[in-house]
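**Student:** One structure follows; several queries about it will come next.
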Amino acid sequence: MAYTPKSYVEHVAVRVKDIQWHINFFLEVLGQDVREIDGPTDAPRQYWTLGGMQLMSCPDFEAPPSNDAGWLAHLGIMVEDLEATLAEAQKWGVKQLPQGRNWLQLPDGLAVELMQASPNSVAQVRAINPRARD
């Protein structure tokens, strides 16, 4: 191979029934602030976070069963402080999944695996502006 491959997921788009709940959860529990908004700020059609999420407002959305092959299996999210993040997430009434205490299910059925990041790695990745032009 002529080069060393390096990559990361820039964002993942998910449909959600209650976009404001998800915006607040990703901001207050995971510290993912706004990057871009499509539509009015109080009722956006879409909302992108610094941290890789694109939330798409679909008020009539019904997630298929979690074992449906067509549904997103889960999101793996690196966090700076796993214990603090888990404690904050519990305040939101999310469901713990059988895979472990760091596996959570959000109200619309989305499963999230929270993982402890190496020191400074979250800040380094989030310092990258994927929309910057040279």
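We did not get these values from a lab; they are worked out from the coordinates using the rules stated. Just so you know, these numbers come straight off a predicted model, no measurement behind them. Methodologically, a virtual Cβ is constructed for each residue, glycine included, from the backbone with ideal geometry; neighbour enumeration extends over all protein chains shown.
**Student:** Please give the net charge around Leu86, taking every other residue with its beta carbon less than 12 angstrom from that of Leu86, where Lys and Arg add +1 and Asp and Glu add -1.
**Tutor:** -2
**Student:** Top mean-square fluctuation among Pro107, Pro40, Pro59, Gaussian network model of the chain, C-alpha springs under 10 Å?
**Tutor:** Of the options given, Pro40 has the highest mean-square fluctuation.
**Student:** Sticking with this one: Where does the charge balance sit around Asp18 when Lys and Arg score +1, Asp and Glu -1, over other residues with C-beta under 13 Å from its C-beta?
**Tutor:** My count for the surroundings of Asp18 gives -1.
**Student:** Then there's this: Could I have the simple spin-label model distance between Thr41 and Cys58, label points 7 Å from Cα toward Cβ, reported in nm to one decimal?
**Tutor:** With each label point 7 Å from Cα toward Cβ, the separation is 2.8 nm.
**Student:** Starting from the Cα-Cα distance between Trp103 and Glu80, subtract it from 0.36 nm times their residue separation and give me the gain in nm to one decimal.
**Tutor:** Residue separation times 0.36 nm, minus the Cα-Cα distance, leaves 6.7 nm.
**Student:** Beyond 22 Å, how much of the Cα-Cα pair distribution for the chain remains, as a whole percent?
**Tutor:** 41 percent
**Student:** With both partners inside the chain, how many of the DSSP beta bridges are antiparallel, as a percent to the nearest 5?
**Tutor:** Of all bridge pairs located within the chain, approximately 55 percent are antiparallel.
**Student:** Can you give me the long-range amide H partners of Met53? Hydrogens built in the peptide plane at 1.01 Å from N, cutoff under 5 Å, separation of 5 or more residues or another chain.
**Tutor:** For Met53, the qualifying residues are Val12.
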